[in-house]
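The values are calculated or read from the model by the stated rules, or taken from the named source; none is laboratory data. If you're wondering where the values come from, they're calculated on a predicted model, not measured in any experiment. Every residue, glycine among them, receives a Cβ derived from its backbone with ideal geometry; neighbour counts consider all protein chains shown. SASA here: full protein model, heavy atoms, side chains in, ligands and nucleic acids out. Shrake-Rupley method; radii C 1.70, N 1.55, O 1.52, S 1.80 Å.
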Amino acid sequence: LFHGSREVPNIIMVIDLGREYNLGGAGILQSTQENERKVKRCEVYAASAFVFKTVQEGGSIAKYNTLDEGNDWKLFTTIETDWPLKEYWSHVQTAVKGRDVKIRPIELFPELDPKAVNIAEFYVSELVSIDGYPVK
């Protein structure tokens, strides 16, 4: 039985997109319940590959808060939210290549519980061309 919790900014989510993309934007959809729209700001990182080592495999428990150990994360974008909307997008000027994305909530609305993060859906958009020229 485990009793414990992690608080922002030490809550990290990693998603494998299945293949590498030229990432052009990211978005989150928060709960339709107003009292559950907790994320005020989150950072989104991209990497070509994600490596995770447990402590038994030689990983460091101190690195669990960032998942940086053995990875080359690049800050892709920061999504900032506001009340009363529930869907937010952030677009980038230059595509970032990545297969894996790391979502790191860094600020919650202060009146809500900092030990619970609710992101109903996460979106990424692929940048395929700029001014009609394919992005490689």
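The strands (runs of 3 or more DSSP E) falling completely within the stretch 71-126 that include 1 or more residues that are modelled with pLDDT under 85 map to 87-108.
Just a yes or no: is a residue in the stretch 41-63 of a type in the set (K, R) and touching a residue at least 60 places away in the same chain (Cβ under 8 Å)?
Looking only at the stretch 41-63, we keep the residues that are of a type in the set (K, R), and these are 41, 53, 63.
Subsequent filtering for residues that are touching a residue at least 60 places away in the same chain (Cβ under 8 Å) retains 41.
Yes, the stretch 41-63 has at least one match.
Restricting attention to the stretch 50-65, the residues that are part of a loop (DSSP other than H, G, I, E, B) and either in contact with a Pro (Cβ under 6 Å, 6 or more places away or on another chain) or modelled with pLDDT of 85 or more (or both) add up to 3.
Which members of the stretch 15-49 meet the condition of being hydrophobic (A, V, I, L, M, F, W, C), open to solvent by less than 50 Å² (accessible area, probe 1.4 Å) and modelled with pLDDT of 90 or more? If you could, list the steps in order and put the result at the bottom.
Residues of the stretch 15-49 that are hydrophobic (A, V, I, L, M, F, W, C), as a first pass: 15, 17, 23, 26, 28-29, 39, 42, 44, 46-47, 49.
Checking the rest, the ones that are also open to solvent by less than 50 Å² (accessible area, probe 1.4 Å) come to 17, 23, 26, 28-29, 39, 42, 44, 46-47.
Of everything in the stretch 15-49, those that are hydrophobic (A, V, I, L, M, F, W, C), open to solvent by less than 50 Å² (accessible area, probe 1.4 Å) and modelled with pLDDT of 90 or more turn out to be L17, L23, A26, C42, V44, A46, A47.
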